[in-house]
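First the structure, in the form of structure tokens, and then the observations on it.
The values are calculated or read from the model by the stated rules, or taken from the named source; none is laboratory data. Model, not experiment: these values are computed from the prediction. Quick reminder, even Gly has a Cβ in these numbers, built from the backbone with ideal geometry, and neighbours come from all protein chains shown. The accessibility values were calculated without ligands, DNA or RNA, using every heavy atom of the protein model including side chains. Shrake-Rupley method; radii C 1.70, N 1.55, O 1.52, S 1.80 Å.
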Amino acid sequence: AFATLAALPFCAESYSATAVDAPMLLSILLNPTKYQASEAAVNAKAVAVKLLEDAGVDVDALKNGVEDYLQRQPTVTVTGDASESKQKSLGNALKEVMETATEIKNELKDSYISSEVL
């Protein structure tokens, strides 16, 4: 899961967003190579796809829907100091996802948040 989370800033940059949020996490899980995520994120994709397919989800339709959603979000263009654009806030939905993932991790007595939990 860490590799997927590590790709969030790159995903936000690719959409000129000021925050990282849950739809970006899902997009990275479904398409890690688009965001230059590591091999571990590619492995997480396999887990996520299997779980979604087992739940009866049309993964391609979900992937396309998330992409469409992210492209329709407002964008921000930064002029001047480019380092300012590197700072990303944490979106409310992603915060809730991470809080819930932490609760599940604790219930399972795991030492880390796994891709399955995300």
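Quick grid of which residues meet (1) within 16 Å of the chain's Cα centre (by Cα); (2) at pLDDT 95 or above; (3) acidic (D, E):
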position: E53; (1), (2), (3): no, yes, yes
position: V57; (1), (2), (3): no, yes, no
position: T77; (1), (2), (3): no, no, no
position: G91; (1), (2), (3): yes, no, no
position: E96; (1), (2), (3): yes, yes, yes
position: K105; (1), (2), (3): no, no, no
position: Y112; (1), (2), (3): no, no, no
position: V117; (1), (2), (3): yes, no, no
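Quick test of your reading of the structure: V47 fulfils all but one of (1) over 20 Å from F10 (Cα atoms); (2) among the hydrophobic types (A, V, I, L, M, F, W, C); (3) free of Cβ contacts under 8 Å to residues at least 40 places away in the same chain. Name the failing condition by number.
(3)
From the set of residues in the stretch 48-76 that are open to solvent by less than 40 Å² (accessible area, probe 1.4 Å) and among the β-branched types (V, I, T), which is nearest to K34 (Cα to Cα)?
Selected residue: V66.
So, L70, is that one in contact (Cβ under 8 Å) with a residue 60 or more places away in the chain and either out of contact with any Lys or Arg (no Cβ under 7 Å at 6 or more places or on another chain) or on the phi < 0 side of the Ramachandran plot (or both) or not?
no
Quick check on this structure: which one of V47, V78, V66 is among the β-branched types (V, I, T) and in a loop (DSSP other than H, G, I, E, B)? Quick ask: steps written out before the conclusion?
Working: V47 fails: in a loop (DSSP other than H, G, I, E, B); V66 fails: in a loop (DSSP other than H, G, I, E, B).
The match here is V78.
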